[in-house]
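The values are calculated or read from the model by the stated rules, or taken from the named source; none is laboratory data. Given the structure is predicted, the values throughout are model-derived calculations rather than measurements. Glycine gets a Cβ as well: all are built from the backbone with ideal geometry, and neighbour counts include every protein chain shown.
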Amino acid sequence: MLLVDFFIKRHSCSHDKFTPEKDIGYCPDCGELIENRWFIMRCACCGVKIKAVLKNGAVLANEKFCHNCGCKNFVAERIDKINFIDINYAVLVKTVIPNEIKPYTQTWTDVKENCTHKLLQQIR
Ligand SMILES: [Zn+2]
Ligand SMILES: [Zn+2]
């Protein structure tokens, strides 16, 4: 049972060791390519900043309604560079970037074919 728990934990890596200072990079725990994305919430009516929170992977407002105009609709806004004012409102989302197929696949196939040829000669 312990082994199963360990396995599940590894697959739901929270990328804690991947520090917020980096924009993009590989998580030292799971090796996934991670992009740090900062979000703040804004009131949909007056545009005032609302503190953002992360709940079940979704960026939500920490308030039920806008303290400025009473509006209950909010929009998430992604910020490219976090600053010390926005950090009080912002939430960090560690987004996994899926691996893309590299354009070097053909070159690697050629190298592999050469290797197979050499190996076959050695077997004989
Ligand atoms: Zn990770
Ligand atoms: Zn408002």
*Tell me which residues, restricted to the range 42-90, are of a type in the set (Gly, Ala, Ser) and more than 8 Å from ligand 2 (Cβ to nearest atom).*
Ala52, Gly57, Ala58, Ala61, Ala76, Ala90
*Please verify whether the range 51-74 includes one or more residues that are in contact (Cβ under 8 Å) with a residue 24 or more places away in the chain, of a type in the set (Val, Ile, Thr) and over 22 Å from Ile97 (Cα atoms).*
no
*Which ones in the range 31-80 are part of a loop (DSSP other than H, G, I, E, B), within 16 Å of ligand 1 (Cβ to nearest atom) and surrounded by 13 or more Cβ atoms within 10 Å (Cβ to Cβ)?*
Glu32
*Hits in the range 13-22 - residues which are without any contact (Cβ under 8 Å) to a residue 24 or more places away in the chain and loosely packed, with under 13 Cβ neighbours inside 10 Å*: Asp16, Lys17, Thr19, Glu21, Lys22
_Consider the range 60-80. How many of its residues are of a type in the set (Asp, Glu) and within 20 Å of the chain's Cα centre (by Cα)?_
2
*Of all residues in the range 47-71 being basic (Lys, Arg) and modelled with pLDDT of 95 or more, which is nearest to Val91 (Cα to Cα)?*
Lys51
